[in-house]
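Below is one structure, written out as structure tokens, with a few remarks after it.
The values are calculated or read from the model by the stated rules, or taken from the named source; none is laboratory data. Bear in mind that the values here come from a model prediction, so they are computed numbers and not experimental data. A quick note on method: Cβ atoms are made from the backbone with ideal geometry, for glycine too, and the neighbour counts reach across all protein chains shown. What goes into the accessible areas is simple: the full protein's heavy atoms, side chains included, and nothing from ligands, DNA or RNA. Shrake-Rupley method; radii C 1.70, N 1.55, O 1.52, S 1.80 Å.
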Amino acid sequence: MKILITGTAGFIGFHATNKFLEKGHSVIGIDNINDYYDVNLKFARLENAGISQSQIEYNKVVQSTLYKDYRFIKLNLEDRENLEAIFKAEKIDAVLNLAAQAGVRYSIQNPYSYIQSNIVGFLNILECCRHYSIKHLVYASSSSVYGKNAKIPFSEDDRVDNPVSLYAATKKADELMAFTYTNLYGFNTTGLRFFTVYGPWGRPDMAPMLFANAIIKGEPIKVFNNGNLSRDFTFIDDIVEGVVRVVETEPSESANAKVYNIGCGHPMQLMDFIHTLETAIGKKAEMNFLPMQQGDVYQTYADTTKLENDFGYKPKTLLKDGIERFVEWYKEFYK
């Protein structure tokens, strides 16, 4: 299968790309390598997959030195002309769209980047899928679409029309756009509402990396809402296993627009997560307790029944084991 994957310099995109390549699929990777967080980490992920930083130029195809079936192109999804040229030149079987401007708090300070990347960029993906007969588009949504819903666990049948951040609003908009394109043009779309993902090569703007960095350096960590938060922490290997199952499954002949939760299904209190991290690092955290942040939510808790029933998805990694693997990678990567 030839898969176009966007966001291959990102956390989930990097891991998903490697897994598909290990399973014998052909991958065309796209990423704009923006500076929302440290680009050196993004380049290191690409290097790990055989894409040399010295070879990367805008809209230039770079062949992986490790995988014969992996080619990478630095490109903005907003660049409609060059994006369409890729679809036109390649016979793509499926698209996995993981590229997006991420981050809840950042969307409050930089709203325009979210509209360009998450709305305009996603529209260009939909248009290319429409015009080049793509049978299945799998795309990243987010647990943030649930906003401050009080009912737990979060179910795909819950109302999600009260977002509390622009990031969440753009992800809900993507789901609506995908539903519309499926019904208008007859190709399958599957949205995956990712819950809090952690693990090796993770994002430095997310709690696991921020906490680990501060604890190791002896600096205080910011604990919002005085620690009264819970998150459905899910290890990256479990997330990727679910993504692969969805992409590899032959889409139905009758086009469907579906959305699934993809998480652990076992939320953990933030303070318990911090204590697990302390144990793995072997050092106590100095904590700076702060009030709730604007745009944040109190809890996330995924009901993954639908993904389990349709694709056999079942996360297996215990938090203790996942944190230990993350800390081991962190200490090696950052010396």
Log entry, pairs with first residue in the stretch 42-55 being within 17 Å of residue 333 (Cα to Cα) and touching a residue at least 60 places away in the same chain (Cβ under 8 Å), second being polar (S, T, N, Q) and open to solvent by 70 Å² or more (accessible area, probe 1.4 Å), beta carbons closer than 9 Å, six or more apart or on different chains, reads 44/53
When you go through (1) under 15 Å from the mean Cα position of the chain (by Cα); (2) farther than 27 Å from residue 334 by Cβ one by one for residue 3, which number turns out not to apply?
(1)
Those residues that are crowded, with 22+ Cβ neighbours inside 10 Å and over 23 Å from residue 294 (Cβ atoms), I need them from the stretch 203-234; list them, please.
212, 215, 234
Of the conditions (1) touching a strand residue (DSSP E or B) at 6+ places or on another chain (Cβ under 8 Å); (2) free of Cβ contacts under 8 Å to residues at least 24 places away in the same chain; (3) charged (D, E, K, R), the single one that residue 308 does not satisfy is (1)
Applying the selection to the stretch 249-258, what residues are part of a strand (DSSP E or B) and either open to solvent by less than 40 Å² (accessible area, probe 1.4 Å) or in contact with a Leu (Cβ under 8 Å, 6 or more places away or on another chain) (or both)?
257
One residue is enough: does the stretch 244-257 have a residue meeting the conditions in contact (Cβ under 8 Å) with a residue 60 or more places away in the chain, closer than 22 Å to residue 140 by Cα and among the basic types (Lys, Arg)?
yes
Count of the stretch 133-151 residues which are surrounded by 16 or more Cβ atoms within 10 Å (Cβ to Cβ) and either more than 21 Å from the chain's Cα centre (by Cα) or in a strand (DSSP E or B) (or both)
10
Being surrounded by fewer than 16 Cβ atoms within 10 Å (Cβ to Cβ), touching a residue at least 60 places away in the same chain (Cβ under 8 Å) and part of a loop (DSSP other than H, G, I, E, B) is the filter here, so list the residues in the stretch 75-110 that pass it.
90, 91, 93, 105
Candidate set from the stretch 49-74 (those that are basic (Lys, Arg) and not in a strand (DSSP E or B)); member that is most open to solvent (accessible area, probe 1.4 Å):
68
So is residue 132 touching a helix residue (DSSP H, G or I) at 6+ places or on another chain (Cβ under 9 Å) and among the aromatic types (Phe, Trp, Tyr) or not?
yes
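State all residues of the stretch 18-43 that are within 23 Å of residue 117 (Cα to Cα), open to solvent by less than 30 Å² (accessible area, probe 1.4 Å) and of a type outside the set (Ser, Thr, Tyr); if no residue qualifies, say none.
The answer is 27, 28, 29, 30, 31, 33, 41, 42.
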Starting from the stretch 7-18, take each residue that is hydrophobic (A, V, I, L, M, F, W, C) and list its partners that are in a helix (DSSP H, G or I) and open to solvent by 20 Å² or more (accessible area, probe 1.4 Å), counting only C-beta distances under 8 angstrom and pairs at least six apart or across chains.
9/43; 14/48
Which residues, counting only those in the stretch 308-328, are surrounded by 12 or more Cβ atoms within 10 Å (Cβ to Cβ) and closer than 19 Å to residue 209 by Cα?
317, 318, 319, 321, 322, 323, 324, 325, 326, 327, 328
Based on what the data block shows, is residue 119 among the β-branched types (Val, Ile, Thr), surrounded by fewer than 23 Cβ atoms within 10 Å (Cβ to Cβ) and over 27 Å from residue 302 (Cα atoms)?
no
Looking for something in a loop (DSSP other than H, G, I, E, B) and open to solvent by less than 70 Å² (accessible area, probe 1.4 Å) - is there at least one such residue anywhere in the stretch 273-281?
no
Of the numbered conditions (1) farther than 26 Å from residue 110 by Cα; (2) touching a Leu at 6+ places or on another chain (Cβ under 7 Å); (3) assigned to a helix (DSSP H, G or I), residue 189 satisfies every one except a single condition; which is it?
(3)
Assigned to a helix (DSSP H, G or I) and buried (at least 19 other Cβ atoms within 10 Å of the Cβ) - does that describe any residue in the stretch 298-307?
yes
